[in-house]
Structure formats: structure tokens, C-alpha cells
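Computed from the coordinates by the stated procedures, all read-outs in this text should not be read as laboratory data. Bear in mind the structure is a predicted one, so any value in this text is a computation, not a measurement. When we count neighbours, we look across all protein chains shown, and the Cβ atoms used for this are built from the backbone with ideal geometry, even at glycine.
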Amino acid sequence: MTYLICAILSTGVLAAICVPLFRRDNALESAIIEETEWDLLQRRKEVLIGNIQDLDFEYKCGKLSQSDYQQVRSEMTAGVAVVLEHIEQLEKSLDLDVLIRRETDARKVTSRTKSQVTCVSCGTKNPPSNKFCAECGARLNRS
């Protein structure tokens, strides 16, 4: 009898824990959390641009030949161009949400560029969190 009660209680607890994990919620909160096509394209653009920056770094370190670098970089830039074209087409649809996101992103970029620190040695703009220049390694002056 005791085993039966323990088994029933265990099953109830397990069901209470697992049911919310597998239930699909169509509430407003879940719709807000889901990524839109615009969000996915923005993330794809950031990944591609990061890959190009990594490729540039690899080339500067001498790990790639000139011909390989040019070929791969042209392929990556073509990929970025396609993603930017898709983003532009989405934004031209005059969807209010897209326009709001574009405006907030533009404001974030301008505030980010204002707070960047310029290296005295090479003139590269660095994030305010950097203590040394990402390009030449010189110590950044905090003015």
C-alpha cells in the first residue's frame, strides 16, 4: 500500500514538472519572445561580418595567401550583400515594428560610436571597455 501511494505521488510530481515543458503556449508573451525574420537576418549579418573580421585577422597574421584571402573575402562579402538586400526588402514593407527596430538600432549605433575611444597611435576606434588598442596593441588614453 505504501509503495502504491509513493508511486502515485511520484507520477503526479513528475507530470506537474513535465507538462509545462511540452505544452505549446500561444499567449502574447511567447509571441514576443519568438524571433522574427528580421531578427534572424540581423543575427546572420552580424555573424557574417564577424567572420570577415576573423578572416582579415587571419590574413594579417600570415595564415592565408593573397589569392585565398581575396577569394574567400569576396564570397563572404557577397553573402553579406544578400542578407543586407533581404533586410532592406523587409524594411521597405513599411511594417511599423520594423521601422521602430530600425530607429532604435540607429540610435544605439550613434550612442555606441560616441563612447568609443580612439587610439592615438593608429587612429582605430575601440570599445570603451578596451584598455589596449585592438589593432596595434597600444595603451588607450582615457580622456
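For region 2-93, divide the Cα radius of gyration by the Kirkwood radius and give the resulting Rg/Rh value with two decimals.
Using Cα coordinates only, the ratio equals 1.38.
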**OP:** Subtracting the Cα-Cα distance from 0.36 nm times the residue separation, let me have the gained length for residue 82 to residue 22 in nm, one decimal.
**Re:** 18.0 nm
Subject >> Residue order, fewest to most surrounding Cβ atoms within 10 angstrom, among 1, 76 >> reply: 1, 76
Original post:
Which of the lysines could a cross-linker bridge to residue 125, judged by Cα under 28 Å and excluding same-chain residues fewer than eight apart?
Top reply: 45, 60, 63, 108, 114
